[in-house]
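Novice: Next up is a structure, given as structure tokens.
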Amino acid sequence: IAEDVAIQPLPYLNDSVLWGIGEGLVAENICLGACVIANNVNARAIVVFTLSGRLPMLLSRRRPNVPIFAFSRSAELGRRMNLRWGLTPFTIAFHEEDSEETVQTALDVLLDAQLVKHNDRVVIVSDYLVLPRDALSVDE
């Protein structure tokens, strides 16, 4: 069995995985999906943006075949994430008005560190949501 796991760390990626009802169902399935997608498209990495550290922790538990680069705005959270399998934490400022700018900043960090190259595929997940100001208003 150990040899099988060493050869294929995610043995059930192509099977339908059903989770029981309970806390974390959505987050667990998002992480499973990110691992499946990364595997299927030959992604170079999974990039995760987090305020709590929960998604990177769940991704780490799945032990994907690619590195996990976790971005947070807290150095303390980065130190805690550093203890997780396969996780490389980074601390950056999150752009409150523009999530695409936050993503671009993170990709620039990874490019500068030569952890990814131009045209590499990455899978991006986040527990950090930026909504346009008018998305919260209700038109009458």
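Novice: Just read off the accessible area of Leu111 with the full protein assembly in place, 1.4 Å probe, to the nearest 10 Å².
Specialist: The value for Leu111 is about 50 Å².
Novice: Okay, next question. Protein chains only, probe 1.4 Å: how do Val122, Val48 rank by accessible area, largest first?
Specialist: Sorted by accessible area, descending: Val122, Val48.
Novice: For Arg54 paired with Val26, estimate the spin-label separation in nm (one decimal), with each label point 7 Å from Cα along the Cα-to-Cβ line.
Specialist: Going from the Arg54 label point to the Val26 one covers 0.9 nm.
Novice: Right, something else. Could you check the simple spin-label distance between His118 and Asn82, using points 7 Å along Cα→Cβ, in nm with one decimal?
Specialist: With each label point 7 Å from Cα toward Cβ, the separation is 3.3 nm.
Novice: Still on this structure: Where in the range 50-103 are there chymotrypsin sites (Phe, Trp or Tyr not before Pro) that are in a DSSP coil and have at most 16 other Cβ atoms within 10 angstrom of their Cβ?
Specialist: Trp85
The values are calculated or read from the model by the stated rules, or taken from the named source; none is laboratory data. These figures come from a predicted structure and were not determined experimentally. Every residue, glycine among them, receives a Cβ derived from its backbone with ideal geometry; neighbour counts consider all protein chains shown. Just the protein is used for accessible areas: all its heavy atoms, side chains included, with ligands, DNA and RNA removed. Shrake-Rupley method; radii C 1.70, N 1.55, O 1.52, S 1.80 Å.
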